[in-house]
Amino acid sequence: MPTRAKSITGRRRQLLTAGWELCSAPAGAYDGPEALTRAPVEWLAAQAPSTVADCLRAANLWSLDSPARRFDAEEWWYRLRFGPPPRGLEDPTGAAAFATVLGFDGLATVADVWLNGKPLLSSDNMFLAHELPLEEPLEDQNELVIRFRALDRLLEARRPRPKWRAPMVDNQQLRWFRTTLLGRTPGWSPPAAPVGPWRPVWLETRGRFELTDLAMRTGVAGDKGWIEVECRITGTPVAAVVLVAARNTERYSVPLRRRPDSDTYAGRLEIPDVALWWPHTHGEPALYDARLEIASAAAASVLDADLGRVGFRTLALDSSDGAFGLRVNGVPIFCRGACWTPLDPVSLGASVDLLRAALDQVRSAGMNMLRVGGTMVYESDAFLDLCDASGILLWQDFMFANMNYPEDDPAFSASVAVEARQQLARLAARPCLALLCGNSEGEQQAAMWGAPRENWSPRLFHELLAGLARECCPEVPYWPSSAHGGSFPHQANAGTASYYGVGAYLRPLEDARRAEVHFASECLAFANIPDDRALGKLPGGLSIRSHHPAWKARTPRDLGAGWDFDDVRDHYLARLFRVDPLELRYADHERYLALSRVVSGEVMAGVFAEWRRKRSTCRGGLIWFWRDLWCGAGWGIVDALGSPKAPFHYLRRVLQPVSVFISDEGGNGLSLHVTNEQAAPLEAVLELTLYRAGETTVGTGSRPLTIAPRETLELNAGELFEGFVDLSYAYRFGPPQHELVVATLRAAGDRAVISEAFHFVLGLSAAREADIGLTATAVARADSAFDLKIATRRFAQSVWIEADGFVADDAYFHLAPGTEKTVLLQRAPREPERALRGRIHALNALNSTKIELQG
């Protein structure tokens, strides 16, 4: 089994990336490399890791905009000609390199491998890694050939019918194959089914020193952190094995003991006054560097195995009486974030820099959890490293969706067991790992399709994977399905649920409270409209309208449904803004787009503000999708180019560790909610201002606050005023005295704004004014960015910035009358440098405002 070690002395790995070639053939046309040499096929330059679609895209022979090609309908062949590794390599013990290993970290999906004409490997699980010691020396010129069989042909075999159907896939027999549903779900993913060596292929020389069967666990006992390591060391006489952990200038070590009559070494290192790992919303994600130092008895040298970085935290899951809540280091955590999507759904890969930028966005949004769902793929080690370093909790599904998997098939179950052990070995001792989950909506789909109750809980998830999770990661909670608990799996007020009451089921916003959600493992799916830069990438560009087939081809939908997620968004546009989406789209498409961008954000922010109340039953919610898979109005709150959409900005304000919210409690008035997730008390001043007619202040109140660490405060807004004020306009004693309520949380010392919340007494308005007094002045900074000061005389609703080549650090924010805000404008990455020109828009202004340059 592959180890988690980052590097091991004496191993020299060569990634086989360049020089590959690729060709296609009819399914079953050729039985091996020899027949292929005589075939009339056309070879194309390729690379690894890659998918067929990725290679064809690089050669300008295919794109997401071109007619769909069924990659599963053809047989695909990769070949690589390469020389031997450098000769004369020695390990630190003085022994010549004695083993050569060929590695395949992932082959999608049913693959056969030949080396120099001889069969080497057959694999039918894209999630398995293979390490193959070569029994014969490599030649001066070698040929590696991989055949990826046509999945469509394999799906034609007769197999037992499933006990329920999963309507998001065309072919129910996909359940027999360990592959991703990405590219195979026409309702929501691009038609780019991954075929090929999607993870690295490598060649490694190894000395006689071998470290195998490495297992590592971490934990906390009192104020001490501990690491337990067990491993086998062979190939060289060992004088001593020392486990080392270090952070900054601190260094801790302990010798491992050899078990009698074996090559196994084990030990436990304890670190006093350990620095705990926290999700970034609650503290510092402290990490320690871990390694094994192995003194060889055969030579005066110390061998080294880098075990990566580890963190120390406790995890506890409260699932009693239908609850579902995580505690980290004994502190209840409100988990909020999104369901992760691969940054490139075609190659399934991403550079460390792109991953780091994406996770920096996650942090900036105030999110502290990502879910890698069972419809996706297991993410890379680089992704896991960045989650550890960034303080982002990970909800990790095993790669199973909502199909009826053949758990009674011995070969299938055996392959799943190997897959699970490999993935758990990668995940063990990672502080980011917060939850292991058996599948994505498996129980829910069985129940919704009408399967008998005894079929809702397959042994695959309640026994096999549950047992392996307990064995390999005993400190991490296991949950059998993303929707699980209650009298039926998707019951929102028991366990976890895919909550789409507000969303696909068109419930009013009040349902976010009425449903008594305990934890939304996915929620709030809308067809979120991106800005013009991403819309311009649609086939047909910006001329495409929202009813056009090219737009609709990229709008998420459930297969067979008579509606799509544009319709869901339109429902809330009509409900919240009291406009007719059809008439608006017909007469003023640009206005329709502007309101549609905003309404998704207003709904999402409203739901999460509800869930973060002190009296809320909800302990977490994960938006269904983090990022779009391709350009268009997708589920993501970040578009396919990496730019935040309007809902991102709305959520960013409501998800911060220190935030203020307003809730309408009807006859009980307005409630103010202030949350402080920090480790220190919060000293602040809470101000409430009432406005009439978009400009006139008609009431103010304030109160100093001291909020304890990890605490949420709720108080009635009426307490900030001397007499009775009908703040919620529940009693309606004549016309409303105010239409806008603004709550501002300021730091007690310098009175800097920490957080703001806006409440519209009469509801959201789509009305526009000729002049709200909006101004925008940009001042150049030394780093080629700009400070953009935006000020307004009257209330400015949902202000956004249009400046080609620049990215704003905030957008779609409200400005109270007579206030200003400074936004940072930075040059967009991978964009040509240009002068700053742009305009500022407000949803309630008829005209935009030009950005003026100062100085």
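The values are calculated or read from the model by the stated rules, or taken from the named source; none is laboratory data. Note that the coordinates shown come from a computational prediction; the quantities given were computed from them, not determined experimentally. Reconstructed Cβ throughout: ideal geometry from the backbone, glycine too, with neighbour counts over all protein chains shown. The protein model used for the area step is the full one, side chains on, heavy atoms only, and it has no ligands, DNA or RNA in it. Shrake-Rupley method; radii C 1.70, N 1.55, O 1.52, S 1.80 Å.
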Can you tell me which residue among Val598, Val568, Val607 is touching a Gly at 6+ places or on another chain (Cβ under 7 Å) and β-branched (Val, Ile, Thr)? Val568
Select, from Ala520, Ala446, Ala497, Ala434, the only residue that is at pLDDT 95 or above, small (Gly, Ala, Ser) and over 24 Å from the mean Cα position of the chain (by Cα). Ala446
Please count how many residues of the range 212-234 are more than 29 Å from Pro285 (Cα to Cα) and buried (at least 18 other Cβ atoms within 10 Å of the Cβ). 1
Need the failing condition index for Leu573 against (1) within 19 Å of Ala845 (Cα to Cα); (2) under 31 Å from the mean Cα position of the chain (by Cα); (3) open to solvent by 20 Å² or more (accessible area, probe 1.4 Å); (4) free of Cβ contacts under 8 Å to residues at least 40 places away in the same chain, just the number. (3)
Pick out, from the range 198-276, the strands (runs of 3 or more DSSP E) lying fully within it that include 2 or more residues that are of a type in the set (D, E, K, R). 201-206, 210-221, 224-234, 250-255, 264-271
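Does the range 145-185 hold any residues that are among the hydrophobic types (A, V, I, L, M, F, W, C), over 31 Å from the mean Cα position of the chain (by Cα) and surrounded by 21 or more Cβ atoms within 10 Å (Cβ to Cβ), and which are they? Outline the logic, then answer.
The initial filter retains those residues of the range 145-185 that are among the hydrophobic types (A, V, I, L, M, F, W, C), namely 145-146, 148, 150-151, 154-155, 157, 164, 166, 168-169, 174, 176-177, 181-182.
Cutting the leftovers down to over 31 Å from the mean Cα position of the chain (by Cα) gives us 145-146, 154, 157.
Passing the criteria: Val145, Ile146.
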Can you pull out the residues in the range 431-456 that are part of a loop (DSSP other than H, G, I, E, B), small (Gly, Ala, Ser) and under 17 Å from Gln172 (Cα atoms)? Ser440, Gly450, Ala451
By my count, strands (runs of 3 or more DSSP E) wholly in the range 761-855 with at least 2 residues that are in contact (Cβ under 8 Å) with a residue 12 or more places away in the chain and more than 22 Å from Arg652 (Cβ to Cβ) are 775-780, 852-854
Which listed residue is modelled with pLDDT under 95 and either open to solvent by 20 Å² or more (accessible area, probe 1.4 Å) or in contact with a helix residue (DSSP H, G or I) (Cβ under 9 Å, 6 or more places away or on another chain) (or both), from Pro194, Pro237: Pro237
Those residues of the range 769-808 which are of a type in the set (A, V, I, L, M, F, W, C) and open to solvent by 40 Å² or more (accessible area, probe 1.4 Å) amount to Ala770, Val779, Ala780, Ala782, Trp800, Val807
I'd like to verify a number: residues in the range 379-401 that are open to solvent by less than 10 Å² (accessible area, probe 1.4 Å) and part of a loop (DSSP other than H, G, I, E, B), how many? 6
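Residue-by-condition table, conditions (1) assigned to a helix (DSSP H, G or I); (2) touching an Asp or Glu at 6+ places or on another chain (Cβ under 7 Å); (3) farther than 27 Å from Ala828 by Cα:
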site: Gly503; (1), (2), (3): no, no, yes
site: Pro508; (1), (2), (3): no, no, yes
site: Asn528; (1), (2), (3): no, no, no
site: Lys537; (1), (2), (3): no, no, no
site: Leu542; (1), (2), (3): yes, yes, no
site: Leu559; (1), (2), (3): no, no, yes
site: Trp563; (1), (2), (3): no, no, yes
Which one of these does Ala515 not meet: (1) closer than 23 Å to Glu419 by Cβ; (2) open to solvent by 10 Å² or more (accessible area, probe 1.4 Å)? (1)
